[in-house]
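Notes follow once the structure below has been shown.
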Amino acid sequence: MIKSTASSILFLTLCSTNAFAQDDYNYYAGVAVSSQTLKLDNENKLYNSGEFKSKVLTPFIGYQFNQYVAVETRFGFGKGDDSEVIASQPITITDEYELDNQQGLLLKLQYPMTQSFSLFATAGYFNSKFKVRSKYEQNNSAQYTAGDYRENGASFGFGASYALNQNWQLSGEFQYFDQGDDKSEALTAAISYRF
């Protein structure tokens, strides 16, 4: 009798553990909106600030292994450019930078503070493509040069998330990109849906 009761308790425990575990193993998808600042290497004091801002729309998908670990891939698209005058006499030179697109893969480590609120940290690798345009003006005439370049490198971030219910989640994040000579920072708000 004791053996069968112990076996039944063990069986029910395993079943209930498995049921909770299945809740933790979920795919999720969402969209994020960011304000990202590109910080160029300004060692030669070419720019006043050397900082250019872009708005970024980032769809993402992820897989939650358990309540602590997830992997996530992001696909960002920049909108709008930012410019800075780098010379004004005798020729006015204006540089414009825009984040064209950005892809990355992240490991996301989470720590639940309550049933609804979690803190998280991310680490990963990103590829970013920037559009650059320079405008040269003198005596009411202008010439333009344009080009693209790519930067690859590590990314680190931290943030917090709040579960509205079993499926919907809001989050905020600060993310840092270390890509060659260029560094970027992003402040992000996101919403996601767990399947």
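The values are calculated or read from the model by the stated rules, or taken from the named source; none is laboratory data. Note that the structure is a prediction, hence the values are computed from the model and not measured. Cβ atoms come from the backbone with ideal geometry, glycine included; neighbour counts cover every protein chain shown. Each accessible area value is taken on the protein alone, full model and side chains, heavy atoms only, with ligands, DNA and RNA left out. Shrake-Rupley method; radii C 1.70, N 1.55, O 1.52, S 1.80 Å.
Scanning the range 165-195 for residues that are crowded, with 19+ Cβ neighbours inside 10 Å, within 10 Å of the chain's Cα centre (by Cα) and not hydroxyl-bearing (Ser, Thr, Tyr) turns up Glu173, Gln175, Phe177, Ala186, Ala190. Residue count for the range 72-85 satisfying the condition of being touching a Phe, Trp or Tyr at 6+ places or on another chain (Cβ under 7 Å), charged (D, E, K, R) and outside any loop (DSSP other than H, G, I, E, B): 4. What do you reckon, is Asn140 in contact (Cβ under 8 Å) with a residue 12 or more places away in the chain and either more than 21 Å from the chain's Cα centre (by Cα) or exposed (fewer than 13 other Cβ atoms within 10 Å of the Cβ) (or both)? No, not satisfied.
Inspect the range 150-164 for any residue being under 18 Å from Leu106 (Cβ atoms), open to solvent by less than 60 Å² (accessible area, probe 1.4 Å) and among the aliphatic types (A, V, I, L, M) and give the result as yes or no. The answer is yes, given that some residue of the range 150-164 is under 18 Å from Leu106 (Cβ atoms), open to solvent by less than 60 Å² (accessible area, probe 1.4 Å) and among the aliphatic types (A, V, I, L, M).
Quickly run through the range 114-136 and pick out the residues that are charged (D, E, K, R) and open to solvent by less than 70 Å² (accessible area, probe 1.4 Å).
Looking only at the range 114-136, we keep the residues that are charged (D, E, K, R), and these are 129, 131, 133, 135.
Selection gives Lys129, Lys135.
Candidates are the residues of the range 38-85 that are open to solvent by 60 Å² or more (accessible area, probe 1.4 Å) and among the acidic types (Asp, Glu); the one that is modelled with the highest pLDDT is Glu51.
Assess whether Ala146 counts as being within 15 Å of Ala70 (Cβ to Cβ) and either open to solvent by less than 70 Å² (accessible area, probe 1.4 Å) or part of a strand (DSSP E or B) (or both).
Details: within 15 Å of Ala70 (Cβ to Cβ): no; either open to solvent by less than 70 Å² (accessible area, probe 1.4 Å) or part of a strand (DSSP E or B) (or both): yes.
In short, no.
For the range 86-113, the set of residues classified as open to solvent by 80 Å² or more (accessible area, probe 1.4 Å) and outside any strand (DSSP E or B) consists of Gln89, Pro90, Met113, listed by residue number.
Taking only the range 21-34 into account, find how many residues are at pLDDT below 95 and loosely packed, with under 14 Cβ neighbours inside 10 Å. Break it down into steps so the answer makes sense when it comes.
Here is the first cut: in the range 21-34, the ones at pLDDT below 95 are 21-26.
Okay, now just the ones that are also loosely packed, with under 14 Cβ neighbours inside 10 Å, so 21-25.
Result for the range 21-34: 5.
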